[in-house]
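Please read the structure below before turning to the comments.
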Amino acid sequence: MLKNQWKLYVVILLGIIGVILDFLCGKPTIANLPIAEILIDIFGIYQAITMAIEMIGDIRKGRWGVDILAIIAIASTMAIGDYWAAWMILVMFTGGESLEDYATSQADKELRSLLNNNPRRANKLVDGKVTEVNVDDLQVGDTVLIKPAGQVPVDGTLIKGESSFDQSSLTGESVPVNRKPGDDLMSGSINGDTAVEMKVTKLAKDSEYQSIVALVKSAEAQPAKFVKMADRYAVPFTIVSLIIGFVAMAMGGWNFTRFAEVMVVASPCPLLIAAPVALVSGMSSMSRHHIIVKSGPTLEKLSRAKTFAFDKTGTLTQNKLEVNEIVPAEGFNKKEIQSLAASVEQQSSHIIATSLVESTPKEAIQAVTDLKEITAQGVEGLVDGKLVKVGKLSFVAPEHDKINVGATAIYISIDGKFAGYATFKDQIRPETKETIAKLRRQGAEQIMMLTGDHKNVAEQIAQEAGINDSEVRAS
């Protein structure tokens with residue numbers, strides 16, 4: 001149960017009991033007071049005292065809140081015997097606290113999900129022996145073994161072996177990146193099918209994934225300015241409300257009921273509820289869409305932003321590729337090389353292989369034997385008696401001249417002869433174009449697309465998304 005949820009349940013239960021006692025049981029009394037009134041007053045006094053203690057603590061810290069009006073409203077309605085009005089204020093206040101707790105818990109779930117993926121254990125190599133240790137115990141210079149499909153525990157440099165690494169949770173790039181000795185590895189990325197060794201270059205607390213976790217934690221801990229807006233005007237609002245209450249009481253012949261009515265109207269429950277719920281719900285929604293907000297004030301300032309920068313892969317585009325073009329070499333045809341390449345790739349889980357297989361008719365995919373996968377290079381196998389190689393140009397046809405295709409590509413050779421290549425492109429998200437157009441309608445002056453992809457590929461995606469070529473930043 002959430003922190004304040006039990007209070008709402010108690011208030012609702014008291015309301016149900018009160019309705020039964022007042023309207024079905026003849027309004028029984030104790031010492032001439034309705035039992036329903038006694039029950040509601042007891043909880044009202046408890047709630048008022050709890051709020052008063054919290055308010056005194058805030059005042060000692062130099063903060064003045066509008067909670068005092070809620071306390072006065074509860075006390076004054078109980079004083080005039082209008083316990084149902086007091087009950088309604090309690091419902092509003094405890095309901096607001098419960099809603100805020102719920103919104104906060106939803107955001108916390110996203111944070112816990114991120115924390116659950118945080119690397120915790122590592123396979124440290126000492127004198128050739130593997131010892132499992134806590135990632136916090138790793139020191140700069142330690143050697144770590146990363147098993148197939150294992151997570152990189154801390155930032156480091158690859159020193160032995162070659163493999164591909166899935167960095168989509170860190171960079172949004174759907175295509176795994178190949179890494180060889182000397183290349184840097186980011187904590188949180190997932191190793192491919194080959195065990196490798198790396199040397200630690202950063203402590204766990206300074207590594208990439210842990211930095212993201214720390215960023216989210218700081219966002220949760222730092223309240224936005226507009227959450228404090230209700231308290232910012234607390235003093236004048238409280239003074240004005242009390243003055244109006246006393247004036248109403250005086251004009252009504254010093255009828256205290258008039259004062260209580262003004263306090264009920266001035267009760268700040270909606271004011272206290274609206275801003276925190278809106279903020280936390282917004283951060284929770286953004287977190288579900290994998291958007292990390294640095295802080296509450298950052299979210300507040302977003303409404304005034306005039307320049308937006310979007311990563312291409314995984315943000316403007318989907319985390320999948322589609323075959324763009326199949327280019328056969330002389331003496332080969334498109335259908336043949338696509339069929340043979342897809343047949344060799346059908347057992348691979350690599351995103352490029354999956355995209356090629358999905359775009360090839362099922363009847364064109366043939367059985368493959370003697371299948372071999374060479375890490376970070378490609379695959380080869382026998383299809384219908386032909387040796388088919390698919391992968392990097394240096395793997396399939398090492399003697400062939402370099403080809404500048406300007407896109408993500410795989411190369412194909414058949415029986416040792418270069419047979420052609422296939423290029424792939426990102427699939428733009430269905431909502432991308434409308435989102436960009438909406439931002440421009442709302443006053444965005446510049447919308448940039450950032451990518452490490454080829455410039456001509458980037459410009460093609462930008463054109464589909466409605467982004468000008470001058471706003472593209474490509475490698």
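No value in this document is a laboratory result; all are computed from the given coordinates. For clarity, every value in this text was computed on a predicted model and none was experimentally measured. Neighbour counts run over all protein chains shown; Cβ positions are idealised from the backbone, glycine included.
Listed cross-link partners K160/K320; K392/K417; K160/K389; K335/K386; K202/K312 are compared with a 18 Å cut-off, the Cα-Cα value being larger for K160/K320; K160/K389; K202/K312.
In terms of packing, defined here as the mean over residues of other Cβ atoms within 10 angstrom, the peptides 34-45, 15-26 line up highest first as 34-45, 15-26.
Local charge for I80 was computed over the other residues whose Cβ lies under 15 Å away, with Lys and Arg +1 and Asp and Glu -1, and equals -3.
Only Cα pairs under 8 Å and 6+ residues apart enter the sum, and on that basis the relative contact order of the chain stands at 12 percent. Evaluated with a Cβ-only charge set (Lys, Arg +1; Asp, Glu -1), the chain carries a dipole of roughly 920 debye about its Cα centre, given to the nearest 20.
All other residues whose Cβ lies under 13 angstrom from that of V11 are scored, Lys and Arg at +1 and Asp and Glu at -1, for a net of -1.
Applying a DSSP loop filter and a limit of 10 other Cβ atoms within 10 Å to the GluC sites (Glu not before Pro) in the range 368-475 leaves E399, E431, E445.
Any aspartates and glutamates with Cα under 18 Å of the K27 Cα? List them, leaving off those in the same chain fewer than 8 positions away. Partners found: E37, D41, D82. Identify all aspartates and glutamates with a Cα-Cα distance to K372 below 13 Å; exclude those on the same chain that are fewer than 8 residues away in sequence. List returned: D193, E345, E380.
Derived scalar couplings between HN and Hα for the range 141-156 equal x, 5, 9, 10, 8, 10, 6, x, 6, x, 8, 6, x, 9, 5, x Hz in order, rounded to whole Hz, by the Karplus curve 6.51 cos²θ - 1.76 cosθ + 1.60 (θ = phi - 60°), x for Gly and Pro. Residues of the chain were split at every exposed loop site, defined as trypsin sites (Lys or Arg not before Pro) in a DSSP loop with at most 15 other C-beta atoms within 10 angstrom, and the longest piece left, sites excluded, is 121-293. Other residues whose C-beta falls under 11 angstrom from the C-beta of N468 contribute a net charge of -2, scoring Lys and Arg +1 and Asp and Glu -1.
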